[in-house]
Every structure is written in C-alpha cells, then in structure tokens.
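Accompanying notes for the structure given below.
The values are calculated or read from the model by the stated rules, or taken from the named source; none is laboratory data. Since we're looking at a predicted model, the values are computed, not measured. Glycine gets a Cβ as well: all are built from the backbone with ideal geometry, and neighbour counts include every protein chain shown. Keep in mind that these areas ignore ligands, DNA and RNA; they rest on the heavy atoms of the full protein, side chains included. Shrake-Rupley method; radii C 1.70, N 1.55, O 1.52, S 1.80 Å.
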Amino acid sequence: MDLGKLAFNMANQARVKYLWGTGLNKWLYAVSYARREGKQLNVVCAIDSLMAGAGGTSPVDFLRQKLQEILGDGGVGFMAANNSAVVAEGGTLGITGATQKTNATFDPATDDKYCPNLFSMIFTGSGGYANFTDKTHKFTKAKLLYLQQPGGGTFKWGDGKNAAGLMTINSDGEKAAKFVEYTGTLPAQAGNIAQVSSVVGPVQIMGVDLRNGNGGVRVHRLAQGGTQTRQVAQLDGGMYSDILKNIGCDLFILNAGMNDSGTTAFPASTVDADIRTILGWVRAANPNAAILLVMPNETADITRNALLETYRLKILKIALDFDALIFDTRWVIGNYTQANAAGMMNDSIHPHPTKANPLIGEALFKFIGGQSLANIESVLS
C-alpha cells in the first residue's frame, strides 16, 4: 500500500504518530511550537484550480475553516490583486482606473515574472483606487505587495475607513516585488477595507496580505484556475522565495499538473523539472517547511489520464527527493468513472464544488493531523 494512503486510512491519533516519521513531522513540530510560543502558522496552497475555486467552494476553504476552528483564526492571508481572487476569498474588490492582468496573458519576459499569483492590476493614469474588503475574516494588520520599478508612480495605502491615516508610497526604484505594511491601527472586525488610492501611475499592485493578530493559522491561496506549473516555474525565483518568507510557509501544499496536461500538453519531464524548481524556492524560503504533494484527479479523457499518470509517477519520486508526502484525491472520490457515477464531478475535469470539494478539504485536514492538532503534544508523547 502507498505510504500516503496508509496514513490517510489510519485513525486520527495513530495517523499523527505515523506522520511524525515522515516529511510532515516538520508541520507537526511547527504546530507544537506555535501553540507553545503563541506564534502564527502559515499554510500555502498552490497552483491548480483545486487549490483556487470560487468563493467558499474550494477544498482550501474547508481546510482553512477546520484548521482555524482548532488553531485560531489568523486571518485570510494573501489575496491576489484581481477581482476573481478576492471573490474566491469571500471578499469584494472595488476598483477603478486599473487594468487587471491574469494568467491567460502571462509572459515571463515581462514584469509578469514578479507576480506570485500571476494576477495583478496596473494603473497608468492618475486618480485610480482599489478597495479590498474582507467580509468574512477579521484583519488587524495589512501588507500590500507592489512592484517597485524605475520611474514608478505614487499611491496611498492603508485603512480604507481612515483616509487621514493613509500612507504615501513611492514605487520608484530598482525592479523588485515589495511589501509595505500599514502602520496604523485596524479594528479587530470583519468588513475592514485595505485601500490603495490617489494613484499616480505607473503603479502595479500584485496582492494584499491580511492578518488577524499574531496567533492562529492562515491558509494562503497562491493558486488560480488555469495556471500551469510551467508558468509558475518561469517566475522570478528569488521573488517567490522572498514572498513565502514574508507571508510565512510552514506547510506548502502543491496541486499541479492538470493544466499542463491540457490543449498544449507538456511531457512529464518538463512537469517534473518545473515542480522541482518551485519546491527549490520553497526550501530556500524555509528549509523546515513541510511539503504535501496533491495528485491530480482523473478526467473523462482517457488519453489525458494516461499523461497525468506519467506526471504522478514523477511526483512520487519528487516526494522522496524533497521529503514530502503524497495525497491523492482519488482516495476520496475514486477514479473518474466512480466519481462521476457518485455525482462528484462538476464536468469532465473538475470535482464538484459542493459535493466533492468539502470531502477533499476535510480529508486534507484529517490527513495533516485533524482534531489531534489541538493537543498535539499529548498525542505525540
């Protein structure tokens, strides 16, 4: 039996004790340390749509809810500067004067290589603004990710409900992705607004990082529907590592390959090299980060499934080389024929958002420790 499936099938406390002997012991140690020292935990979910989804219907949403119920609500985490990304987090984005860029037009020869989520907004004129409203979570601290660039323009940043307290930011400088934290006080309440306003372009905004207090757990979504592993591997690696360092990365969950197997299909050797590149950036950001590799599900296309299986074989070897563990969605919903017959498929490719994804999200939660994370020390003793 596959070791990952063995862990998946174990009872909860037995599973946690088993995981201590795998690459996920890094995650269990991080949980134990954070609970003991009052630190915040950070889980990063990348790349494919299984990790993205629409508001409230991704496995990530259910995983986050379960983790925050027992470890505390540290806030929503990173949100890309794009309407669909904000809506996926249950928030709203009010925007004027900007062009939204997506992964559909990604070009690594341009400044797109500095966008960790491949989504951003570009202001070229004056007077534009963007309001990121988190209606679901509280946030008491907010950081903005923007592109510093030669000849970059200016903007104001901060609490959208406190115009007098907004900070003025000059984005002129050597090309780099930069975070700036709002230094004012934000009330601990849902409905806060992180605001970019009074823009004098050129200004490029790539996302916001929202945090509630200094404890609890955040689950960051560095994933968008349609994103290819090939695209992410062409980002600026130093930038990607720096952003993971900044937002925090105790556990990196990677679901990749489905979009690489599409119309413009890539061979397994390319996907293998690209995943290794990305995981190298993760290790550079945090050598002690735990890594969980989520296998792509099956589709209705037999030929595509054959290609996906070559990816899975590569991912198994990657797991060994990076001391990672494997989670296979087929353990939860079965192969395509089984999943489709049970109503678990939304179409020929995607698991159903309200029938399959809650089950996948809860299975992921149980797989990485489940309720036992609430008393991790006593379970492991």
Report ³J(HN,Hα) in whole Hz for each residue of region 185-196, in order, from the Karplus equation J = 6.51 cos²θ - 1.76 cosθ + 1.60 where θ = phi - 60°; Gly and Pro get x.
-> 9, 10, x, 7, 8, 6, x, 5, 10, 9, 10, 10
Ala306 paired with Lys39, simple spin-label distance in nm, labels 7 Å along Cα-to-beta-carbon | 4.9 nm
How high is the relative contact order of the chain, given as a whole-number percent (alpha carbon pairs under 8 Å, six or more residues apart)?
-> 25 percent
Once you put a point 7 Å from the Cα of Thr96 and another 7 Å from the Cα of Asp172, both along the Cβ direction, what distance in nm separates them?
-> 2.7 nm
Rounded to the nearest whole Å², what accessible area per residue is found for the chain with the 1.4 Å probe?
-> 37 Å²
Rg to Rh for region 1-79: what is it, with Cα atoms only and Rh by Kirkwood?
-> 0.99
Ignoring ligands, DNA and RNA, how do Glu89, Glu37 rank by accessible area with a 1.4 Å probe, largest first?
-> Glu37, Glu89
Magnitude of the Cβ-charge dipole of region 108-261, K/R +1 and D/E -1, about the Cα centre, nearest 20 debye?
-> 400 debye
Can you work out the base-10 log of I(q)/I(0) for region 241-381 at q = 0.14, 0.17, 0.20 1/Å, using the Debye formula on its C-alpha atoms alone?
-> -0.75, -1.04, -1.26
Please give the length that would be gained between Asn12 and Asp321 if that part of the chain were fully extended, namely 0.36 nm times their separation in residues minus their C-alpha to C-alpha distance (nm, one decimal).
-> 108.6 nm
Fraction of antiparallel bridges per DSSP, the chain only, in percent to nearest 5 | 70 percent
Estimated [θ] at 222 nm from DSSP helical runs (n ≥ 4, -39500 (n - 2.57)) normalised by residues in the chain, nearest 500 = -9500 deg cm²/dmol
Unit charges on C-beta of K, R, D, E only; dipole of region 25-163, Debye = 480 debye
Please state the charge dipole magnitude for the chain, taken about the Cα centre, from unit charges on C-beta atoms (+1 on K and R, -1 on D and E), reported in debye and rounded to the nearest 20.
-> 700 debye
Here the alpha-carbon Rg of region 233-288 over 2.2 N^0.38 Å rounds to 1.22
Which angle between 0 and 90 degrees, to the nearest 10, do you get for helix 237-247 versus the longest principal axis of the chain when only C-alpha atoms count?
-> 90 degrees
Region 61-199 - Rg (one decimal) and Dmax (whole number), Cα, Å = 15.3, 47
What does the charge count near Tyr114 come to, summing +1 for each Lys or Arg and -1 for each Asp or Glu among other residues with Cβ under 14 Å from its Cβ?
-> -2
In sequence order, calculated HN-Hα J values of region 45-55 (Karplus, 6.51, -1.76, 1.60; Hz; x Gly/Pro) | 10, 9, 10, 6, 5, 4, 8, 9, x, 9, x
